[in-house]
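Please treat every number below as a calculation from the coordinates, not as lab data. Please read all numbers here as calculations on a predicted model, not as lab measurements. Cβ placement follows ideal geometry from the backbone for every residue including glycine, while neighbour counts extend to all protein chains displayed.
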Number of protein chains: 2
Amino acid sequence: MAKSRFGEPVGDQIEVCPVTQTQDIIAGKWKIIILWNLSTQTRRFNELQRLLPNISKGILTRQLRELEEDQMVHREVYKEVPPKVEYSLTPLGQSFIPILQSMGEWSKKNLVSK
Amino acid sequence: MAKSRFGEPVGDQIEVCPVTQTQDIIAGKWKIIILWNLSTQTRRFNELQRLLPNISKGILTRQLRELEEDQMVHREVYKEVPPKVEYSLTPLGQSFIPILQSMGEWSKKNLVSK
DNA sequence: CGGAATCCGTAACGATACTG
DNA sequence: CAGTATCGTTACGGATTCCG
């Protein structure tokens, strides 16, 4: 039978640690920094790529698709030539902003520059 | 010259996004769940392994070592036979607990069980 | 009991070229 | 402009064996 990401199988139930569920969503290498850049405004594909200088189109696309699947990011396609696509946070994505902020503040307060 | 995990090199400065720094610390597959299990009490090695049923000794050791390097976890060795090692959160690790809690609450409130 | 050392497989990341 | 498709690489997790 199915096993959870963490924990024993419990009958037909799958016991998943909530904290781990959250981690799963933001685990991609670029996920949180994408969310961070969308937290203040809607951005176009190329704009995001400029903000994340070392990311390739392919991987940026993949990370965005995964965030879409997890309902964190909304993708709006404008049927124009040349094409225009805008990414923004969904309500779920927006509800995550405070956690991003906590993470940033915690880092600045506690982490020494390495 | 050195490049940051995110961003352009800026003179001799390395500009690192604080949010990304935090992510780097908790990025390991078992990191946050280990922190979570240490948040309430000190635990021994085998105890942790029992709590994380599908983890092997090798990987548990590695994750703990990395958390030690990042000053999140303290390792206390008792010179006895048989050996006894206790893991606990450092002050830095403890200061991270509120974020873990936010993540858990956010998950429970917003994430539908999949 | 709490590791260390080794090896392996896969998934994630990444570079490049091409396209509507 | 915003992708897709393909392929290469690397890092991470995991299994196993051995040890004080």
Amide H of A:Asn54: which non-local residues (sequence gap of 5 or more, or other chain) have their own amide H closer than 5 Å, using H built in the peptide plane?
B:Gly7
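So for the range B:18-100, averaging the separation of alpha carbon pairs under 8 Å that are six or more residues apart and normalising by length, what relative contact order in percent results?
Across the range B:18-100, relative contact order equals 33 percent.
Run the dipole for the range B:18-100 about the Cα centre, Lys and Arg Cβ at +1, Asp and Glu Cβ at -1, nothing else charged, and hand back the magnitude in debye, nearest 20. Could the numbers behind the result be given before it?
On the way: 11 positive and 9 negative charges, 67 e Å.
Magnitude of the dipole: close to 320 debye.
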Sum -39500 (n - 2.57) across every DSSP H segment of at least 4 residues in chain A, then divide by the residue count to get the 222 nm mean residue ellipticity, nearest 500.
-14000 deg cm²/dmol
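Students often get this wrong, so check it: of A:Lys84/B:Lys29; A:Lys29/A:Lys84; B:Lys57/B:Lys108; A:Lys84/B:Lys31, which have C-alpha atoms separated by over 32 Å?
Working: A:Lys84/B:Lys29 36 Å; A:Lys29/A:Lys84 25 Å; B:Lys57/B:Lys108 30 Å; A:Lys84/B:Lys31 39 Å.
Beyond 32 Å: A:Lys84/B:Lys29; A:Lys84/B:Lys31.
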Could you give me the ³J(HN,Hα) list for the range B:40-48, computed from phi with Karplus coefficients 6.51, -1.76, 1.60 and θ = phi - 60°, whole Hz, x at Gly and Pro?
9, 6, 5, 9, 8, 4, 5, 4, 4
Within a Cβ distance under 12 Å of B:Asn37, other residues only, what is the Lys/Arg minus Asp/Glu net charge?
+3
Which listed residue (B:Pro82, B:Leu38, B:Ile97) has the Cα farthest towards the positive end of the charge dipole for chain B, taking +1 on Lys and Arg C-beta and -1 on Asp and Glu C-beta about the Cα centre?
B:Pro82
Neighbour-count order for B:Ile99, A:Ile26, fewest beta carbons within 10 angstrom listed first
B:Ile99, A:Ile26
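What net charge is computed for the residues neighbouring B:Leu67, neighbours being all others with C-beta under 11 Å from the C-beta of B:Leu67, Lys and Arg scored +1, Asp and Glu -1?
Values: positive: B:Lys31, B:Arg62, B:Arg65, B:Arg75; negative: B:Glu66, B:Glu68, B:Glu69, B:Asp70.
Taking every Cβ under 11 Å from that of B:Leu67, the sum is 0.
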Under 12 Å, Cβ to Cβ, from B:Gln49 - net charge with Lys/Arg +1 and Asp/Glu -1:
+3
How shielded is B:24-32 by partner chains, expressed as the average number of their Cβ atoms within 10 Å of its Cβ atoms?
4
